[in-house]
Amino acid sequence: MSPETLVAAVFTLAIFSFLYRENPIYRAAEHILVGISVGYYLVILVEETILSKVVNPLFYDGRMLSLIPAILGIMMFSRLSRKSGWLARIPLAVLIGAGAGVSIPAMLQARILKQMSASMLPLNSIGAVVMLVGVISSLAYFYFSREKSGLFGGVARVGTYFLMVFFGATFGYTVMSRVTLLIGRMEFLMSDFLGLVK
Amino acid sequence: MDLSRLDRRIIFLLMGLAIAIPMLFNVTLPVNVEKDTLAVYDKIEMIEESEYVMVSFDFEASSFPEMRPLAVAILNHLFERNIKVIGLALFSEGTALGFTTISDIAEKHGKKYGIDYIYLGFRPQYISAILGMGESIARVFPEDYLKKQWQEYPLFSGLENYDNAGLVISVSDGSLPIHWAEYANARYGVEIGVACAAVMVTAFKPYFNSGQLIGPVAGVKGAAEYEKLLGRQGAAQRRLFTQSSAHILIIVLVLGANLAAYMRRKR
């Protein structure tokens, strides 16, 4: 058995020990995981952001324009000071402005226009009718400017059934996903660690 | 027996047994291929050998057991068809896992780095990365994961942007495929195939129905379906029996608990 398999198995069992009760071994494994994750993210982000976007362009490629985002980035840290905290508003304004400019047209196209056109189907099948009823009744449920009573209340109630079907399907898929993760760990323990399964 | 007072550790133990015992038996359940999985398979079948396919490893280490069979099935198909593969990662944790996976599968097919596939590595800020690659992949990824100028590989030197990619496949455990649909599909018209964690299927469904995304090959079942289409028995098909056993236990527990609650209320 390789040392990495042994380490992975010990940590897997340490995390599983929480299922019995909270204990120091579980806590140690959890803290080590968090520490390693932060270290990993830090190394990747320093390399992929600070080195590749600031240091290399400025000092090796002579691209002085990289100074602008670098200075804006540094200005973000001014929030740590009460006196000069207002400076952070400038990079935030750039971030929000550019973000909105990039995202709004894309979202309008992908999330609203395309979805609306996909919902407007000829009513020549049961599926299309169900979709029409589902869309209208679900939208009625989320319309909060009118009391849900009478015909409107009835339509909104139908919407809740569609939502419940959605939540049920999502729950089923979630169970499937989480069980797969457990199977993955058990498979590792039983094959790589214990050698019970080939 | 009042199930509401059942010690939760007994449920954990039952779940452990429901998974461990079937694992000891090498049982393969029959698999029916659904149209969602077939959509991704058919799309890859239509891609010419000279074209490139981008495979984005958009997942974290925690979901690797579910993501690996999906990535392996898709990569097996791409390499079997001699399609040039460009790997990348938009989540930092997926970077090394993606490289290991693509290298393993490429080696099994006798494929060479720089000739049959390259791996670009990770870029932070996925929205800028997705948008940037629509203009110039080289500007977003000047170097590959191995810190080499990837344009020096002759077979990849003509790769400029999504116009050269027959398909982008996002192997994802989160919402990244939606961003691919919003920024790469809507803006640049590139087709996006999805292999995703089962938990994300309902969130993506409207995008598949509207044609913004292709697929999905979802979860271990989707991977098993894909393995069947390829005629290979892999990890996913072996896991289906174990998965079904765990699902049956959950159904029994849910029904039992509801029945117990009903009886208690009746008393």
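Looking only at the stretch B:1-23, residues that are farther than 13 Å from residue B:244 by Cβ and more than 26 Å from the chain's Cα centre (by Cα) come to 15 in all.
Just to verify a result, which residue in the stretch B:44-76, among those that are of a type in the set (S, T, N, Q) and within 14 Å of chain A (Cβ to nearest Cβ), is least open to solvent (accessible area, probe 1.4 Å)? Step by step, filter the stretch B:44-76, then rank; the result is B:63.
Taking residue A:20 as the residue in question, decide whether it is hydroxyl-bearing (Ser, Thr, Tyr) and at pLDDT 95 or above. Answer is no for this residue. Of the numbered criteria (1) surrounded by fewer than 23 Cβ atoms within 10 Å (Cβ to Cβ); (2) within 7 Å of another protein chain (Cβ to nearest Cβ); (3) free of Cβ contacts under 8 Å to residues at least 40 places away in the same chain, the one residue B:187 fails is (3).
Within the stretch A:146-188, being more than 10 Å from chain B (Cβ to nearest Cβ) and of a type in the set (Lys, Arg) holds for A:146, A:148, A:157. Scanning the stretch B:141-161 for residues that are in a helix (DSSP H, G or I) and in contact with a strand residue (DSSP E or B) (Cβ under 8 Å, 6 or more places away or on another chain) yields a total of 3.
The single condition from (1) more than 7 Å from every other protein chain (Cβ to nearest Cβ); (2) open to solvent by 40 Å² or more (accessible area, probe 1.4 Å); (3) modelled with pLDDT under 95 that residue A:191 fails is (2). Pairing residues of the stretch B:199-214 that are more than 7 Å from chain A (Cβ to nearest Cβ) with residues that are among the polar types (S, T, N, Q) and surrounded by fewer than 18 Cβ atoms within 10 Å (Cβ to Cβ), at Cβ distances under 8 Å and at least 6 apart in sequence or on separate chains, gives B:200/B:175; B:203/A:170; B:203/B:175. You will find that of A:19, A:45, A:33, the residue that is without any contact (Cβ under 8 Å) to a residue 12 or more places away in the chain, farther than 30 Å from residue B:139 by Cβ and within 11 Å of chain B (Cβ to nearest Cβ) is A:19 and no other.
Under 6 Å between Cβ atoms, which residue pairs at least 6 apart in sequence (or on different chains) link something in the stretch A:87-115 that is more than 11 Å from chain B (Cβ to nearest Cβ) with a partner that is of a type outside the set (A, V, I, L, M, F, W, C)? If the second residue must be of a type outside the set (A, V, I, L, M, F, W, C), the pairs left are A:87/A:78; A:88/A:78; A:88/A:79. All told, residue B:221 falls short of being within 12 Å of chain A (Cβ to nearest Cβ) and out of contact with any helix residue (DSSP H, G or I) (no Cβ under 8 Å at 6 or more places or on another chain). Considering the stretch A:1-86, the qualifying helices (runs of 4 or more DSSP H), each wholly inside and each with 3 or more residues that are β-branched (Val, Ile, Thr) and under 25 Å from the mean Cα position of the chain (by Cα), run over A:24-45.
Scanning the stretch B:190-227 for residues that are open to solvent by less than 10 Å² (accessible area, probe 1.4 Å), over 17 Å from residue B:57 (Cβ atoms) and part of a helix (DSSP H, G or I) gives B:198, B:201, B:204, B:220, B:224, B:225. Only residues that are in a helix (DSSP H, G or I), open to solvent by less than 30 Å² (accessible area, probe 1.4 Å) and not small (Gly, Ala, Ser) were counted in the stretch B:77-104, giving 6. Is it the case that the stretch B:48-62 has a residue that's part of a helix (DSSP H, G or I), of a type in the set (Val, Ile, Thr) and under 28 Å from residue B:105 (Cβ atoms)? Within the stretch B:48-62 (the criterion being part of a helix (DSSP H, G or I), of a type in the set (Val, Ile, Thr) and under 28 Å from residue B:105 (Cβ atoms)), the answer is no, since none of the residues qualifies. Looking only at the stretch A:39-97, how many residues end up being polar (S, T, N, Q) and in contact with a Phe, Trp or Tyr (Cβ under 9 Å, 6 or more places away or on another chain)? Looking only at that region, the number is 1.
Condition check ((1) in a helix (DSSP H, G or I); (2) more than 27 Å from the chain's Cα centre (by Cα)) across all residues:
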{"site": "A:106", "(1), (2)": "yes, no"}
{"site": "A:110", "(1), (2)": "yes, no"}
{"site": "A:113", "(1), (2)": "yes, no"}
{"site": "A:135", "(1), (2)": "yes, no"}
{"site": "A:146", "(1), (2)": "no, yes"}
{"site": "A:155", "(1), (2)": "yes, yes"}
{"site": "A:158", "(1), (2)": "yes, yes"}
{"site": "A:164", "(1), (2)": "yes, no"}
{"site": "A:192", "(1), (2)": "yes, yes"}
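The values are calculated or read from the model by the stated rules, or taken from the named source; none is laboratory data. None of these values were measured; they are calculated from a predicted model. Here the Cβ is made from the backbone with ideal geometry for all residues, glycine too, and neighbour counts use every protein chain on show. Note: accessible area is taken over every heavy atom of the protein model, side chains too, but ligands, DNA and RNA are not part of it. Shrake-Rupley method; radii C 1.70, N 1.55, O 1.52, S 1.80 Å.
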